Amino acid sequence: MRAVTRRRFLGVLGGAALAAAGCGAFRETSGQLLSSELALPRPFTVPLPIPEVARPAGPGRYEVTQRAAEVEIIPGTATEVWGYGGTFPGPTFDLRRGSGVTITVRNRLSVPTSTHLHGGVTPPGSDGYPTDLVQAAGQKDYHYPLEQRAATLWYHDHRMDHTAPQVWLGLAGFVLVRDAEEDALPLPGGERELPLMICDRAFGADGSFRYPSPPGVHETHGGHAASVHGDYMEGVEGDVILVNGAPWPVAEVTATRYRLRLLNASNARRYRLRLAPGGRFTQIGSDAGLLAAPVAHDTIPMSPGERYDVVVDFSAYPVGSAVTLVNTLADGSARNVMRFVVARRAADDSAVPAVLSRPPGRRPPVTTRTFDFRRSETAWTINGHPYRPGVPLARPHLGTAEIWRLTSDFHHPVHVHLAHFLVLARNGRPPAATDVGWKDTVDVRPYEVVDVLARFDGYRGRYLLHCHNLEHEDMAMMADFEVI
Ligand code: C2O
Ligand code: CU
Ligand code: CU
């Protein structure tokens, strides 16, 4: 570890300790900014793309090929992406609850991959375990029963030690699960339902994605082949914000309600989203599905991996208005996210009903376990250990619930595979309004103690919990648990 890193890191700890002491002066982001080396477009000039919806190859069957492709992200410049279907984001899989699908993933990249459906209730053999690799030129059938509520899920690469650079290159996309409960609601749909994958990137002078070390090239780091080290151990941030793969895009909307399925697919960047010049988000869903009732927010904090399903009513703005989605945690180029331009009035028969759904209830917890997320000299650890594949830290019983107490020394977005959870408390106090609903990823901030109630439903077998800051993940902040 280089001295400069150590100094920066201790600086963060000092700030966090101040915040814990009630001074409120802690840094709200983690990660090291990587700047672009080419001229960037003016914000709000590139139209918002919507990822293609994947078409089945047969009943219940899809095929998708991971491959390199040249795409135009910065106007007039070619960027090589590694994408599912050669696109970034990859195709959206628009699927129904309980209608299981098999997705054949073909790997035509030069490196191994492992595909994980984030938020999926998936059997262990298809869950994208980090060492369950699809080698270059190989393929694998992933089986997704999708016995779960309507929700915004996403899929991405999960290769051991290399997730961060491989997702940075584009290996991510949406899976939307729909069900009858949701169909019965008058929510905005069709062109008024926008999946928005938000992430940051940096570009080299030749238009390529800049990253501290190219994928496949790695250094051994405390026994782990980490993709980055030293200055970037906190995480990698870029100076360009992409939404659905476009830099600071603009979308023309009618003066009606829109459903925005927000996803933070960044490696390390945290956001606090706000509408400028003002306005409210009506949250209708969390990571794992629809809420019982809508909740209004002025701002939405999003750590990597989290999703917020919200409705924005653009009839609240005069026709001709520009409504900008900004990230109040960032300064400079990364402060802007995207813009909506309210082009004209239109009929709107949508509504946000006062009762949205009947989410599963709580089950009494059978035990409490603590997972401590902390930095060691050479890696990021859980309960004092860098990742040890095959060594489960917990063995919950199928059909039970447990309280998992998550403690941390830093910003760690904690994600649990398979199990969905409710946030019960932050530092012994009630959770934030934006913690509402069943989730699979929770923003744990420096020196916080976050209690969640996790339900273990679906399948027995080996699963993961980990930090979703992808550089932390690659630097060993993962652990197995086994559902028995
Ligand atoms: Cu989105 Cu284990 O990851
Ligand atoms: Cu996951
Ligand atoms: Cu972390």
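A compact table of results
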| item | result |
| --- | --- |
| Lone qualifier among 432, 401, 454, 394 - being more than 16 Å from ligand 3 (Cβ to nearest atom), in contact (Cβ under 8 Å) with a residue 40 or more places away in the chain and open to solvent by 40 Å² or more (accessible area, probe 1.4 Å) | 432 |
| Of the criteria (1) over 19 Å from the mean Cα position of the chain (by Cα); (2) buried (at least 16 other Cβ atoms within 10 Å of the Cβ); (3) small (Gly, Ala, Ser), which one residue 334 fails | (1) |
| Counted residues, the stretch 174-191 - those being under 22 Å from the mean Cα position of the chain (by Cα) and within 23 Å of residue 252 (Cβ to Cβ) | 2 |
| Number of positions in the stretch 123-140 that are among the acidic types (Asp, Glu) and either outside any loop (DSSP other than H, G, I, E, B) or open to solvent by less than 10 Å² (accessible area, probe 1.4 Å) (or both) | 1 |
| Residue pairs meeting the criteria (Cβ under 7 Å; at least 6 apart or on separate chains; first in contact (Cβ under 8 Å) with a residue 12 or more places away in the chain, in the stretch 465-478; second open to solvent by 10 Å² or more (accessible area, probe 1.4 Å) and part of a helix (DSSP H, G or I)) | 471/232 |
| Residue list for the stretch 287-303, filter: acidic (Asp, Glu) and within 17 Å of residue 468 (Cβ to Cβ) | 287 |
| Filter pass, residue 401 being in contact with a His (Cβ under 8 Å, 6 or more places away or on another chain), of a type in the set (A, V, I, L, M) and away from ligand 2 (no atom under 16 Å from the Cβ) | no |
| Elements of type strands (runs of 3 or more DSSP E) contained in the stretch 17-122, each with 1 or more residues being among the small types (Gly, Ala, Ser) and surrounded by fewer than 18 Cβ atoms within 10 Å (Cβ to Cβ) | 61-72, 78-84 |
| The listed residue being in contact with an Asp or Glu (Cβ under 9 Å, 6 or more places away or on another chain) and either assigned to a strand (DSSP E or B) or within 15 Å of ligand 1 (Cβ to nearest atom) (or both), out of 482, 471 | 471 |
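Rundown of residues vs (1) over 19 Å from residue 191 (Cα atoms); (2) free of Cβ contacts under 8 Å to residues at least 60 places away in the same chain; (3) not in a strand (DSSP E or B), yes/no style:
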{"residue": "290", "(1), (2), (3)": "yes, no, no"}
{"residue": "294", "(1), (2), (3)": "yes, no, no"}
{"residue": "309", "(1), (2), (3)": "no, no, no"}
{"residue": "312", "(1), (2), (3)": "no, yes, no"}
{"residue": "319", "(1), (2), (3)": "no, no, yes"}
{"residue": "326", "(1), (2), (3)": "yes, yes, no"}
{"residue": "338", "(1), (2), (3)": "no, no, no"}
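The values are calculated or read from the model by the stated rules, or taken from the named source; none is laboratory data. Nothing here was measured: the structure is a model prediction, and the numbers come from that model. Every residue, glycine as well, gets a Cβ built from its backbone with ideal geometry; the counts of neighbours run over all protein chains shown. In case anyone asks, the SASA skips ligands and DNA or RNA and just uses the protein heavy atoms, side chains included. Shrake-Rupley method; radii C 1.70, N 1.55, O 1.52, S 1.80 Å.
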